[in-house]
Each structure stands twice: as C-alpha cells, then as structure tokens.
1. Write down the accessible area per residue of the chain in Å², having rolled a 1.4 Å probe over the full set of protein chains.
2. With everything on Cα atoms, drop me the angle between helix 48-61 and the longest principal axis of the chain, reported from 0 to 90° to the nearest 10.
3. Roughly speaking, what is the stretch gain from Ser61 to Tyr79, that is 0.36 nm per residue apart minus the C-alpha to C-alpha distance, in nm to one decimal?
4. Give me the angle, in degrees from 0 to 90, between the Cα long axis of helix 2-11 and the longest principal axis of the Cα atoms of the chain, rounded to the nearest 10.
5. For helix 30-43, report the angle its Cα long axis makes with the longest principal axis of the Cα atoms of the chain; keep it between 0 and 90° and round to the nearest 10°.
6. Suppose R0 equals 35 Å. What FRET efficiency, 1/(1 + (r/R0)^6) with r the Cβ-Cβ distance, do Thr35 and Ala13 give to the nearest 0.05?
7. Starting from one equal scatterer on each C-alpha and no solvent at all, send me the Debye-based log10 I(q)/I(0) for the chain at q = 0.12, 0.14, 0.19, 0.23 Å⁻¹, two decimals.
Amino acid sequence: MNQELFLVINGLAGKSQFMDVLGVFFAEKFLYVFTLIILALWLNKSLRYYVYLAIASALVSRILIVEVIKRIVNHPRPYEI
C-alpha cells in the first residue's frame, strides 16, 4: 500500500502546474511561513500559553504516536525499496 500511495503521489508531478508550485512551496518555503506565524502568536502575550501548549502537544503526539507506529509496523519506507 505504501508503494502504491508513493507512486500515485509522484505520478501527479508535471500534470498540474498549480499543484507543482504548491508542492514546491510546501516543501521549500512553508516551514518559514509557519515559523513566522508561531512567532507572531508567541509575541502576543495573551496567546503565549496556547503556543507553548500547542508545541508541547505536537512534540508529545509525535513521540508517542509516530514512534510507536514505526516500531509496531515494521516495513521499509517507499523510497527505501
């Protein structure tokens, strides 16, 4: 299933200029935009607690959910095949 999904997603490359630009944006630039949004929210003192809460929950969910699934479902990633 992973390989099929990988091939479907990569099969879309070059078929829609908008989707190609959107994909490149998310791959190369979105991290900077996201960081600026988080920084702007953090600078607002009334929202600072919620920023800390969101970052903490993201880290905990990443560690607990993703790492547990990676250990339970042990098969190579599509790009490792």
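1. Details: 7400 Å² over 81 residues.
It amounts to 91 Å² per residue over the chain.
2. Value to nearest ten degrees: 30.
3. Working: separation 18, 0.36 × 18 = 6.48 nm, distance 2.45 nm.
Once the chain is fully extended between Ser61 and Tyr79, it gains 4.0 nm.
4. That works out to roughly 90 degrees.
5. For 30-43 against the chain, the angle is about 20 degrees.
6. Numbers: r = 27 Å, r/R0 = 0.76.
Efficiency, from the Cβ-Cβ distance: 0.85.
7. Each listed q corresponds, in turn, to -0.62, -0.80, -1.02, -1.05.
The values are calculated or read from the model by the stated rules, or taken from the named source; none is laboratory data. Owing to the predicted nature of the structure, the values given are computational and were not obtained by experimental measurement. Counting neighbours? That spans all protein chains shown, and the Cβs are built from the backbone with ideal geometry, glycine included. The protein model used for the area step is the full one, side chains on, heavy atoms only, and it has no ligands, DNA or RNA in it. Shrake-Rupley method; radii C 1.70, N 1.55, O 1.52, S 1.80 Å.
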